[in-house]
Amino acid sequence: MVVLLHAYLWSRLVRATTRPGRLRRRLTWGLVGLALLATAALVTRGRIPLSVATPLSWVGFVWLGLMFYLFLTLLVLEPVRLAVRLAQRRRGPDPAATTAATTAASTAATTAASPASDPAAVPAGPAPAAPAESEPADVSRRLFLGRSLAVGAGVVAVGTVGAGAYWANTAPVVRRVPIRLQGLAPELNGLRIVTFSDGHLSATYGGRRFERVVETVNAQRPDVVAIVGDLVDGELADLREDVAPLADLVSEQGVYFVTGNHEYFVDTTAWLRHLPTLGVDVLRNERVPIRRGSASVDLAGIDDRTAASSGLPGHGADLDAALDGRDDAVPVVLLAHQPVQVEQAQRAGVGLQLSGHTHGGQMWPFDYAVRLDQPSVEGYSTHGDTQLYVTSGAGYFGPPVRVGARPEVTVVELWQPGEGPAR
(Lines give C-alpha, C1' and ligand atoms only; values in the text may rest on other atoms or scores of the structure.)
Protein backbone atom coordinates (compact mmCIF):
# COMPACT_ATOMS: atom_id res chain seq x y z
CA MET A 1 0.00 0.00 0.00
CA VAL A 2 2.80 2.44 0.88
CA VAL A 3 4.49 1.64 -2.45
CA LEU A 4 1.27 2.26 -4.41
CA LEU A 5 0.58 5.56 -2.65
CA HIS A 6 4.11 6.79 -3.33
CA ALA A 7 3.89 5.68 -6.96
CA TYR A 8 0.76 7.79 -7.35
CA LEU A 9 2.40 10.76 -5.63
CA TRP A 10 5.42 10.41 -7.91
CA SER A 11 3.22 10.54 -10.99
CA ARG A 12 1.46 13.71 -9.81
CA LEU A 13 4.17 15.55 -7.90
CA VAL A 14 7.29 14.62 -9.88
CA ARG A 15 6.48 13.27 -13.33
CA ALA A 16 3.64 15.75 -13.99
CA THR A 17 5.65 18.76 -12.82
CA THR A 18 9.13 18.22 -14.33
CA ARG A 19 10.82 17.40 -17.60
CA PRO A 20 13.18 14.41 -17.79
CA GLY A 21 16.52 15.36 -16.33
CA ARG A 22 18.48 16.00 -13.16
CA LEU A 23 15.66 17.69 -11.21
CA ARG A 24 13.28 14.81 -11.84
CA ARG A 25 15.91 12.29 -10.73
CA ARG A 26 16.61 14.22 -7.52
CA LEU A 27 12.91 14.53 -6.66
CA THR A 28 12.40 10.85 -7.38
CA TRP A 29 15.17 9.79 -5.04
CA GLY A 30 13.91 12.22 -2.42
CA LEU A 31 10.47 10.62 -2.55
CA VAL A 32 12.02 7.14 -2.35
CA GLY A 33 13.98 8.25 0.74
CA LEU A 34 10.83 9.54 2.45
CA ALA A 35 9.01 6.30 1.67
CA LEU A 36 11.85 4.29 3.25
CA LEU A 37 11.87 6.52 6.35
CA ALA A 38 8.12 6.17 6.80
CA THR A 39 8.32 2.39 6.41
CA ALA A 40 11.21 2.18 8.86
CA ALA A 41 9.31 4.28 11.43
CA LEU A 42 6.34 1.90 11.22
CA VAL A 43 8.33 -1.32 11.26
CA THR A 44 10.75 -0.38 14.06
CA ARG A 45 8.25 1.37 16.36
CA GLY A 46 8.96 0.26 19.92
CA ARG A 47 11.79 -2.05 18.79
CA ILE A 48 14.84 0.22 18.66
CA PRO A 49 16.48 2.53 21.25
CA LEU A 50 14.65 5.79 21.84
CA SER A 51 17.70 7.85 20.82
CA VAL A 52 17.41 6.39 17.32
CA ALA A 53 13.63 6.06 17.24
CA THR A 54 12.88 9.69 18.11
CA PRO A 55 14.28 11.47 15.00
CA LEU A 56 13.24 8.59 12.75
CA SER A 57 9.68 8.63 14.11
CA TRP A 58 9.27 12.40 13.83
CA VAL A 59 10.42 12.52 10.20
CA GLY A 60 8.77 9.27 9.12
CA PHE A 61 5.40 9.85 10.79
CA VAL A 62 5.12 13.53 9.85
CA TRP A 63 5.71 12.49 6.24
CA LEU A 64 3.03 9.78 6.57
CA GLY A 65 0.55 12.46 7.58
CA LEU A 66 1.57 14.73 4.72
CA MET A 67 1.53 11.80 2.29
CA PHE A 68 -2.03 10.89 3.25
CA TYR A 69 -3.43 14.39 2.79
CA LEU A 70 -1.43 14.96 -0.41
CA PHE A 71 -2.92 11.77 -1.79
CA LEU A 72 -6.43 12.69 -0.66
CA THR A 73 -6.25 16.22 -2.09
CA LEU A 74 -4.77 15.10 -5.41
CA LEU A 75 -7.45 12.42 -5.67
CA VAL A 76 -10.16 15.04 -5.16
CA LEU A 77 -8.48 17.19 -7.84
CA GLU A 78 -8.39 14.39 -10.43
CA PRO A 79 -11.71 15.44 -12.03
CA VAL A 80 -10.33 18.99 -12.38
CA ARG A 81 -7.18 17.70 -14.05
CA LEU A 82 -9.14 15.52 -16.47
CA ALA A 83 -11.60 18.31 -17.29
CA VAL A 84 -8.81 20.77 -18.12
CA ARG A 85 -6.97 18.20 -20.25
CA LEU A 86 -10.15 17.41 -22.20
CA ALA A 87 -10.83 21.12 -22.74
CA GLN A 88 -7.31 21.61 -24.06
CA ARG A 89 -7.70 18.72 -26.52
CA ARG A 90 -11.03 20.05 -27.81
CA ARG A 91 -9.51 23.49 -28.47
CA GLY A 92 -6.82 21.85 -30.58
CA PRO A 93 -3.29 23.23 -31.06
CA ASP A 94 -2.48 26.75 -29.99
CA PRO A 95 -3.09 29.03 -33.09
CA ALA A 96 0.06 31.01 -32.36
CA ALA A 97 2.05 27.80 -32.15
CA THR A 98 0.52 26.57 -35.42
CA THR A 99 1.41 29.84 -37.23
CA ALA A 100 4.97 29.64 -35.89
CA ALA A 101 5.26 26.07 -37.08
CA THR A 102 4.00 27.00 -40.59
CA THR A 103 6.44 29.92 -40.85
CA ALA A 104 9.33 27.71 -39.69
CA ALA A 105 8.45 25.08 -42.27
CA SER A 106 8.31 27.66 -45.10
CA THR A 107 11.64 29.12 -44.08
CA ALA A 108 13.22 25.69 -44.03
CA ALA A 109 11.86 24.88 -47.49
CA THR A 110 13.13 28.17 -48.95
CA THR A 111 16.55 27.63 -47.47
CA ALA A 112 16.70 24.11 -48.93
CA ALA A 113 15.74 25.40 -52.39
CA SER A 114 18.34 28.23 -52.48
CA PRO A 115 21.93 27.53 -53.66
CA ALA A 116 24.58 27.57 -51.01
CA SER A 117 26.79 30.66 -50.80
CA ASP A 118 29.73 28.43 -51.63
CA PRO A 119 29.65 27.73 -55.40
CA ALA A 120 31.13 24.35 -54.82
CA ALA A 121 28.45 23.41 -52.38
CA VAL A 122 25.99 20.83 -53.64
CA PRO A 123 22.61 20.47 -51.92
CA ALA A 124 22.52 17.17 -50.08
CA GLY A 125 18.79 16.76 -50.58
CA PRO A 126 15.66 18.21 -49.12
CA ALA A 127 16.06 19.78 -45.70
CA PRO A 128 14.32 17.99 -42.83
CA ALA A 129 10.96 19.38 -41.79
CA ALA A 130 11.09 21.87 -38.93
CA PRO A 131 9.80 20.46 -35.66
CA ALA A 132 6.24 21.41 -34.89
CA GLU A 133 6.03 23.99 -32.15
CA SER A 134 2.59 22.76 -30.98
CA GLU A 135 4.12 19.83 -29.09
CA PRO A 136 6.30 22.00 -26.82
CA ALA A 137 3.28 24.24 -26.22
CA ASP A 138 1.24 21.19 -25.13
CA VAL A 139 4.06 20.12 -22.84
CA SER A 140 4.18 23.57 -21.28
CA ARG A 141 0.44 23.53 -20.68
CA ARG A 142 0.66 20.09 -19.06
CA LEU A 143 3.53 21.21 -16.84
CA PHE A 144 1.63 24.35 -15.83
CA LEU A 145 -1.44 22.28 -14.95
CA GLY A 146 0.58 19.68 -13.05
CA ARG A 147 2.49 22.29 -11.09
CA SER A 148 -0.66 24.24 -10.24
CA LEU A 149 -2.40 21.14 -8.89
CA ALA A 150 0.73 20.05 -7.01
CA VAL A 151 1.11 23.45 -5.34
CA GLY A 152 -2.58 23.49 -4.43
CA ALA A 153 -2.38 20.00 -2.93
CA GLY A 154 0.78 20.94 -1.06
CA VAL A 155 -0.84 24.00 0.51
CA VAL A 156 -3.88 21.97 1.62
CA ALA A 157 -1.77 19.10 2.99
CA VAL A 158 0.70 21.28 4.87
CA GLY A 159 -2.10 23.41 6.30
CA THR A 160 -4.12 20.40 7.40
CA VAL A 161 -1.18 18.56 8.95
CA GLY A 162 0.07 21.74 10.63
CA ALA A 163 -3.30 22.38 12.25
CA GLY A 164 -3.65 18.68 13.13
CA ALA A 165 -0.21 18.64 14.76
CA TYR A 166 -1.18 21.66 16.85
CA TRP A 167 -4.40 20.03 18.08
CA ALA A 168 -2.72 16.69 18.74
CA ASN A 169 -0.21 18.30 21.08
CA THR A 170 -2.53 20.59 23.04
CA ALA A 171 -4.10 19.83 26.42
CA PRO A 172 -7.05 17.43 26.16
CA VAL A 173 -10.59 18.74 26.16
CA VAL A 174 -12.83 17.64 29.03
CA ARG A 175 -16.15 16.07 28.08
CA ARG A 176 -18.79 15.57 30.77
CA VAL A 177 -21.15 12.69 30.10
CA PRO A 178 -24.08 11.98 32.43
CA ILE A 179 -25.10 8.32 32.30
CA ARG A 180 -28.35 7.02 33.79
CA LEU A 181 -27.67 3.52 35.02
CA GLN A 182 -30.49 1.14 35.78
CA GLY A 183 -30.36 -0.19 39.36
CA LEU A 184 -27.97 2.47 40.66
CA ALA A 185 -28.52 3.27 44.35
CA PRO A 186 -29.37 6.89 45.29
CA GLU A 187 -26.16 7.15 47.33
CA LEU A 188 -24.14 6.74 44.12
CA ASN A 189 -25.75 9.61 42.21
CA GLY A 190 -23.09 11.85 40.72
CA LEU A 191 -20.27 9.28 41.05
CA ARG A 192 -17.48 10.48 38.75
CA ILE A 193 -15.47 8.00 36.70
CA VAL A 194 -12.79 9.98 34.90
CA THR A 195 -11.53 7.99 31.95
CA PHE A 196 -8.97 8.31 29.18
CA SER A 197 -7.34 5.93 26.74
CA ASP A 198 -4.70 5.63 24.06
CA GLY A 199 -1.86 7.59 25.60
CA HIS A 200 0.50 5.74 23.23
CA LEU A 201 3.58 6.88 25.13
CA SER A 202 6.38 6.59 22.60
CA ALA A 203 9.33 8.31 20.95
CA THR A 204 7.06 11.20 19.88
CA TYR A 205 4.59 11.45 22.78
CA GLY A 206 5.21 11.82 26.50
CA GLY A 207 6.90 14.24 28.87
CA ARG A 208 5.03 17.46 29.55
CA ARG A 209 2.14 16.51 27.28
CA PHE A 210 1.34 13.41 29.35
CA GLU A 211 1.78 15.38 32.58
CA ARG A 212 -0.98 17.70 31.31
CA VAL A 213 -3.27 14.70 30.89
CA VAL A 214 -2.70 13.67 34.51
CA GLU A 215 -3.27 17.26 35.70
CA THR A 216 -6.49 17.44 33.70
CA VAL A 217 -7.72 14.18 35.26
CA ASN A 218 -6.92 15.37 38.79
CA ALA A 219 -8.70 18.67 38.19
CA GLN A 220 -11.98 16.75 37.74
CA ARG A 221 -11.81 15.42 41.34
CA PRO A 222 -12.45 11.82 40.27
CA ASP A 223 -14.06 9.17 42.45
CA VAL A 224 -12.51 6.57 40.11
CA VAL A 225 -9.93 6.85 37.34
CA ALA A 226 -10.24 4.38 34.47
CA ILE A 227 -7.49 3.99 31.84
CA VAL A 228 -8.91 1.88 29.03
CA GLY A 229 -5.84 0.58 27.21
CA ASP A 230 -3.08 1.44 24.75
CA LEU A 231 -1.14 3.37 27.34
CA VAL A 232 2.29 2.58 25.86
CA ASP A 233 4.05 1.98 22.55
CA GLY A 234 7.48 1.01 23.78
CA GLU A 235 9.43 -0.89 26.37
CA LEU A 236 9.50 -0.09 30.06
CA ALA A 237 13.23 0.68 30.00
CA ASP A 238 12.64 3.45 27.44
CA LEU A 239 9.41 4.91 28.84
CA ARG A 240 9.85 4.60 32.60
CA GLU A 241 10.17 8.38 33.06
CA ASP A 242 7.33 9.19 30.66
CA VAL A 243 4.85 6.95 32.49
CA ALA A 244 5.93 8.18 35.97
CA PRO A 245 3.24 10.94 36.17
CA LEU A 246 0.64 8.20 36.71
CA ALA A 247 1.86 8.06 40.32
CA ASP A 248 0.48 11.61 40.75
CA LEU A 249 -3.11 10.61 39.96
CA VAL A 250 -5.44 11.35 42.88
CA SER A 251 -8.68 9.36 43.14
CA GLU A 252 -11.09 8.63 45.98
CA GLN A 253 -11.48 4.96 45.10
CA GLY A 254 -8.53 4.01 42.96
CA VAL A 255 -6.97 4.06 39.51
CA TYR A 256 -7.72 1.09 37.24
CA PHE A 257 -6.30 -0.08 33.93
CA VAL A 258 -7.16 -2.66 31.27
CA THR A 259 -4.92 -3.76 28.43
CA GLY A 260 -5.28 -2.57 24.87
CA ASN A 261 -3.93 -4.24 21.76
CA HIS A 262 -0.70 -2.18 21.87
CA GLU A 263 0.22 -3.53 25.30
CA TYR A 264 0.73 -6.84 23.49
CA PHE A 265 3.23 -5.37 21.02
CA VAL A 266 5.81 -4.93 23.81
CA ASP A 267 6.89 -6.77 26.97
CA THR A 268 3.40 -6.99 28.44
CA THR A 269 4.44 -8.73 31.63
CA ALA A 270 6.99 -6.05 32.52
CA TRP A 271 4.39 -3.30 32.13
CA LEU A 272 1.70 -5.14 34.10
CA ARG A 273 4.16 -5.57 36.95
CA HIS A 274 5.26 -1.94 36.85
CA LEU A 275 1.88 -0.20 36.80
CA PRO A 276 0.89 -1.28 40.35
CA THR A 277 4.09 0.35 41.64
CA LEU A 278 2.61 3.65 40.36
CA GLY A 279 -0.69 3.06 42.16
CA VAL A 280 -2.52 1.69 39.11
CA ASP A 281 -4.51 -1.53 39.61
CA VAL A 282 -4.70 -3.77 36.55
CA LEU A 283 -8.08 -5.45 36.02
CA ARG A 284 -7.63 -8.66 34.09
CA ASN A 285 -11.01 -10.39 33.72
CA GLU A 286 -12.02 -9.35 37.21
CA ARG A 287 -14.12 -6.77 39.05
CA VAL A 288 -13.97 -4.58 42.13
CA PRO A 289 -16.78 -2.90 44.08
CA ILE A 290 -16.97 0.89 44.11
CA ARG A 291 -18.76 1.93 47.31
CA ARG A 292 -20.49 4.87 48.90
CA GLY A 293 -21.77 3.89 52.29
CA SER A 294 -23.66 0.61 51.91
CA ALA A 295 -24.29 1.08 48.17
CA SER A 296 -21.98 -0.20 45.46
CA VAL A 297 -21.48 -0.52 41.74
CA ASP A 298 -19.25 -3.18 40.17
CA LEU A 299 -16.29 -1.99 38.09
CA ALA A 300 -15.18 -4.84 35.84
CA GLY A 301 -12.26 -5.01 33.43
CA ILE A 302 -11.33 -7.50 30.70
CA ASP A 303 -8.31 -8.07 28.50
CA ASP A 304 -8.22 -6.71 24.97
CA ARG A 305 -9.80 -8.91 22.31
CA THR A 306 -6.36 -9.52 20.75
CA ALA A 307 -4.91 -10.84 24.02
CA ALA A 308 -5.84 -14.46 23.33
CA SER A 309 -3.65 -14.47 20.19
CA SER A 310 -0.70 -12.80 21.94
CA GLY A 311 0.84 -16.10 23.00
CA LEU A 312 0.93 -15.08 26.66
CA PRO A 313 -0.45 -17.81 28.92
CA GLY A 314 -3.68 -16.88 30.65
CA HIS A 315 -4.33 -13.75 28.56
CA GLY A 316 -7.60 -13.31 26.70
CA ALA A 317 -10.87 -11.45 27.20
CA ASP A 318 -13.10 -13.45 29.56
CA LEU A 319 -16.19 -11.51 30.61
CA ASP A 320 -17.76 -14.57 32.23
CA ALA A 321 -14.83 -14.81 34.63
CA ALA A 322 -15.03 -11.09 35.39
CA LEU A 323 -18.73 -11.32 36.28
CA ASP A 324 -18.73 -14.74 37.92
CA GLY A 325 -20.55 -14.81 41.27
CA ARG A 326 -21.77 -11.20 41.17
CA ASP A 327 -25.05 -9.93 42.58
CA ASP A 328 -27.31 -9.28 39.57
CA ALA A 329 -29.00 -6.43 41.44
CA VAL A 330 -25.75 -4.45 41.45
CA PRO A 331 -25.11 -2.53 38.18
CA VAL A 332 -21.90 -3.11 36.24
CA VAL A 333 -19.55 -0.67 34.53
CA LEU A 334 -17.20 -2.55 32.20
CA LEU A 335 -13.77 -1.36 31.06
CA ALA A 336 -12.94 -2.89 27.67
CA HIS A 337 -10.46 -1.34 25.27
CA GLN A 338 -12.27 -1.99 22.00
CA PRO A 339 -15.86 -0.84 21.41
CA VAL A 340 -16.65 -4.05 19.52
CA GLN A 341 -16.43 -5.90 22.84
CA VAL A 342 -19.85 -4.40 23.64
CA GLU A 343 -21.34 -7.42 21.87
CA GLN A 344 -20.24 -9.59 24.80
CA ALA A 345 -21.30 -6.94 27.29
CA GLN A 346 -24.79 -6.78 25.82
CA ARG A 347 -25.24 -10.55 26.07
CA ALA A 348 -24.04 -10.47 29.68
CA GLY A 349 -26.43 -7.70 30.73
CA VAL A 350 -23.75 -5.07 31.41
CA GLY A 351 -25.24 -1.61 31.96
CA LEU A 352 -22.33 0.54 30.74
CA GLN A 353 -19.10 -0.09 28.84
CA LEU A 354 -16.24 2.41 28.61
CA SER A 355 -13.85 1.99 25.67
CA GLY A 356 -11.19 3.73 23.58
CA HIS A 357 -9.09 2.30 20.72
CA THR A 358 -10.55 4.34 17.86
CA HIS A 359 -8.90 7.75 18.55
CA GLY A 360 -12.14 9.19 17.20
CA GLY A 361 -10.69 8.38 13.77
CA GLN A 362 -7.64 10.58 14.58
CA MET A 363 -7.26 11.81 11.00
CA TRP A 364 -10.44 12.51 9.06
CA PRO A 365 -11.78 10.65 7.07
CA PHE A 366 -10.29 7.54 8.77
CA ASP A 367 -13.35 7.46 11.04
CA TYR A 368 -15.32 5.98 8.13
CA ALA A 369 -12.81 3.12 7.88
CA VAL A 370 -13.00 2.55 11.65
CA ARG A 371 -16.76 2.01 11.34
CA LEU A 372 -16.07 -1.11 9.28
CA ASP A 373 -14.56 -2.78 12.37
CA GLN A 374 -16.14 -1.03 15.35
CA PRO A 375 -19.79 -0.28 16.26
CA SER A 376 -18.92 3.26 17.39
CA VAL A 377 -16.08 5.67 16.66
CA GLU A 378 -16.55 8.09 19.54
CA GLY A 379 -19.11 9.35 21.99
CA TYR A 380 -22.28 7.85 23.45
CA SER A 381 -24.38 5.09 21.90
CA THR A 382 -26.73 2.32 23.01
CA HIS A 383 -26.63 -1.35 22.08
CA GLY A 384 -29.73 -3.04 23.33
CA ASP A 385 -29.85 -2.39 27.07
CA THR A 386 -26.09 -1.70 27.20
CA GLN A 387 -24.78 1.85 27.01
CA LEU A 388 -21.39 2.51 25.42
CA TYR A 389 -19.11 5.50 25.66
CA VAL A 390 -16.01 5.64 23.44
CA THR A 391 -13.41 8.24 24.40
CA SER A 392 -11.31 9.60 21.54
CA GLY A 393 -8.00 9.12 23.36
CA ALA A 394 -5.33 11.34 24.85
CA GLY A 395 -2.39 10.67 22.51
CA TYR A 396 -1.98 9.49 18.94
CA PHE A 397 -0.59 6.60 16.96
CA GLY A 398 1.72 7.12 14.00
CA PRO A 399 1.49 10.68 12.60
CA PRO A 400 1.54 13.25 15.44
CA VAL A 401 -1.64 14.69 13.97
CA ARG A 402 -5.33 14.86 14.91
CA VAL A 403 -7.83 16.15 12.38
CA GLY A 404 -11.45 16.23 13.52
CA ALA A 405 -10.72 14.38 16.77
CA ARG A 406 -9.35 16.39 19.70
CA PRO A 407 -7.49 14.61 22.52
CA GLU A 408 -9.95 13.95 25.31
CA VAL A 409 -10.44 13.23 29.00
CA THR A 410 -13.99 12.12 29.82
CA VAL A 411 -15.89 12.62 33.06
CA VAL A 412 -18.62 9.97 33.25
CA GLU A 413 -21.19 10.83 35.93
CA LEU A 414 -23.47 8.02 37.08
CA TRP A 415 -27.10 8.80 37.93
CA GLN A 416 -30.30 6.94 38.63
CA PRO A 417 -32.83 6.98 35.77
CA GLY A 418 -34.67 10.31 35.86
CA GLU A 419 -31.93 12.02 37.86
CA GLY A 420 -28.98 14.20 36.93
CA PRO A 421 -28.37 16.76 34.17
CA ALA A 422 -29.52 16.24 30.62
CA ARG A 423 -27.00 14.69 28.24
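Under 6 Å by Cβ, and 6 or more places apart or on different chains, what pairs join a residue from the range 234-254 that is more than 11 Å from S202 (Cβ to Cβ) with one that is part of a loop (DSSP other than H, G, I, E, B)?
Correct list of pairs: A247/G279; S251/P222; E252/D223; Q253/D223.
From the list G404, G356, G349, G361, which residue is surrounded by 24 or more Cβ atoms within 10 Å (Cβ to Cβ), of a type in the set (G, A, S) and either farther than 18 Å from R192 by Cα or touching a Phe, Trp or Tyr at 6+ places or on another chain (Cβ under 8 Å) (or both)?
Exactly one of G404, G356, G349, G361 is surrounded by 24 or more Cβ atoms within 10 Å (Cβ to Cβ), of a type in the set (G, A, S) and either farther than 18 Å from R192 by Cα or touching a Phe, Trp or Tyr at 6+ places or on another chain (Cβ under 8 Å) (or both), namely G356.
May I ask you to list the residues in the range 349-374 that are modelled with pLDDT under 95 and more than 28 Å from D233 (Cα to Cα)?
The answer is G349, and nothing else.
Do we have R371 as surrounded by fewer than 24 Cβ atoms within 10 Å (Cβ to Cβ) and of a type in the set (D, E, K, R) here?
Against the criterion (surrounded by fewer than 24 Cβ atoms within 10 Å (Cβ to Cβ) and of a type in the set (D, E, K, R)), R371 qualifies.
Pick out the one residue from T268, T259 that is in contact (Cβ under 8 Å) with a residue 24 or more places away in the chain and out of contact with any helix residue (DSSP H, G or I) (no Cβ under 8 Å at 6 or more places or on another chain).
T268
The rows are residues; the columns are (1) at pLDDT below 95; (2) under 26 Å from Q182 (Cα atoms); (3) basic (K, R); (4) in contact with a Phe, Trp or Tyr (Cβ under 9 Å, 6 or more places away or on another chain).
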{"residue": "N218", "(1), (2), (3), (4)": "no, no, no, no"}
{"residue": "R287", "(1), (2), (3), (4)": "no, yes, yes, no"}
{"residue": "A317", "(1), (2), (3), (4)": "no, yes, no, no"}
{"residue": "P331", "(1), (2), (3), (4)": "no, yes, no, no"}
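Conditions (1) open to solvent by 40 Å² or more (accessible area, probe 1.4 Å); (2) out of contact with any helix residue (DSSP H, G or I) (no Cβ under 7 Å at 6 or more places or on another chain); (3) at pLDDT below 95; (4) within 24 Å of G164 (Cβ to Cβ), marked per residue:
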site	(1), (2), (3), (4)
T17	no, no, yes, no
P20	yes, yes, yes, no
A41	no, no, yes, yes
G46	no, yes, yes, yes
A53	no, yes, yes, yes
L70	no, no, no, yes
T73	no, no, no, yes
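Among the residues that make up the range 370-383, is at least one of them farther than 16 Å from L299 by Cβ and in a helix (DSSP H, G or I)?
Yes, there is a match, as at least one residue in the range 370-383 is farther than 16 Å from L299 by Cβ and in a helix (DSSP H, G or I).
Can you name the residue in the range 344-368 that is part of a strand (DSSP E or B) and aliphatic (A, V, I, L, M) and, of all such residues, is farthest from the chain's Cα centre (by Cα)?
Per the criteria, the residue is L352.
Would you please list the contacts, defined by Cβ atoms under 9 Å and residues six or more apart or on different chains, that run from a residue in the range 375-401 that is at pLDDT 95 or above to a residue that is among the acidic types (D, E) and surrounded by fewer than 21 Cβ atoms within 10 Å (Cβ to Cβ)?
P375/E343; V377/D367; E378/D367; H383/E343
Look through the range 190-209, keep the residues that are open to solvent by less than 10 Å² (accessible area, probe 1.4 Å) and of a type in the set (A, V, I, L, M, F, W, C), and return whichever of them is farthest from W167 (Cα to Cα).
Top of the filtered list is L191.
Going residue by residue through the range 337-360, is there one that turns out to be among the acidic types (D, E) and touching a strand residue (DSSP E or B) at 6+ places or on another chain (Cβ under 7 Å)?
No: zero hits.
Using the structure shown, decide if T216 is under 20 Å from P276 (Cα atoms) and open to solvent by less than 30 Å² (accessible area, probe 1.4 Å).
no
Can you name every residue in the range 384-395 that is open to solvent by 10 Å² or more (accessible area, probe 1.4 Å) and assigned to a strand (DSSP E or B)?
Q387, Y389
Can you tell me which residue within the range 307-329, out of those that are small (G, A, S) and outside any loop (DSSP other than H, G, I, E, B), is most open to solvent (accessible area, probe 1.4 Å)?
Top of the filtered list is S309.
Could you count how many residues in the range 396-423 are over 28 Å from A348 (Cβ atoms) and in a loop (DSSP other than H, G, I, E, B)?
Result for the range 396-423: 13.
Assigned to a helix (DSSP H, G or I), free of Cβ contacts under 8 Å to residues at least 40 places away in the same chain and open to solvent by less than 10 Å² (accessible area, probe 1.4 Å): is that true of Q341 in this structure?
Against the criterion (assigned to a helix (DSSP H, G or I), free of Cβ contacts under 8 Å to residues at least 40 places away in the same chain and open to solvent by less than 10 Å² (accessible area, probe 1.4 Å)), Q341 qualifies.
Is it the case that some residue within the range 4-13 is open to solvent by 90 Å² or more (accessible area, probe 1.4 Å), hydrophobic (A, V, I, L, M, F, W, C) and either closer than 20 Å to E78 by Cβ or in contact with a Leu (Cβ under 6 Å, 6 or more places away or on another chain) (or both)?
Scanning the range 4-13, I find at least one residue that is open to solvent by 90 Å² or more (accessible area, probe 1.4 Å), hydrophobic (A, V, I, L, M, F, W, C) and either closer than 20 Å to E78 by Cβ or in contact with a Leu (Cβ under 6 Å, 6 or more places away or on another chain) (or both), so the answer is yes.
Are any residues in the range 151-189 part of a helix (DSSP H, G or I) and surrounded by 19 or more Cβ atoms within 10 Å (Cβ to Cβ), and if so, which ones?
A153, A157, T160, V161, G164, A168, L188
Taking the options R85, R90, name whichever one is open to solvent by less than 70 Å² (accessible area, probe 1.4 Å) and either more than 21 Å from V2 (Cβ to Cβ) or hydroxyl-bearing (S, T, Y) (or both).
R85
Before we move on, is T269 of a type in the set (V, I, T), over 26 Å from V214 (Cα atoms) and open to solvent by 20 Å² or more (accessible area, probe 1.4 Å)?
no
The values are calculated or read from the model by the stated rules, or taken from the named source; none is laboratory data. For clarity, every value in this text was computed on a predicted model and none was experimentally measured. Virtual Cβ from ideal backbone geometry, glycine too; neighbours counted across all protein chains shown. Side chains included, ligands, DNA and RNA excluded: accessible areas come from the protein's heavy atoms. Shrake-Rupley method; radii C 1.70, N 1.55, O 1.52, S 1.80 Å.
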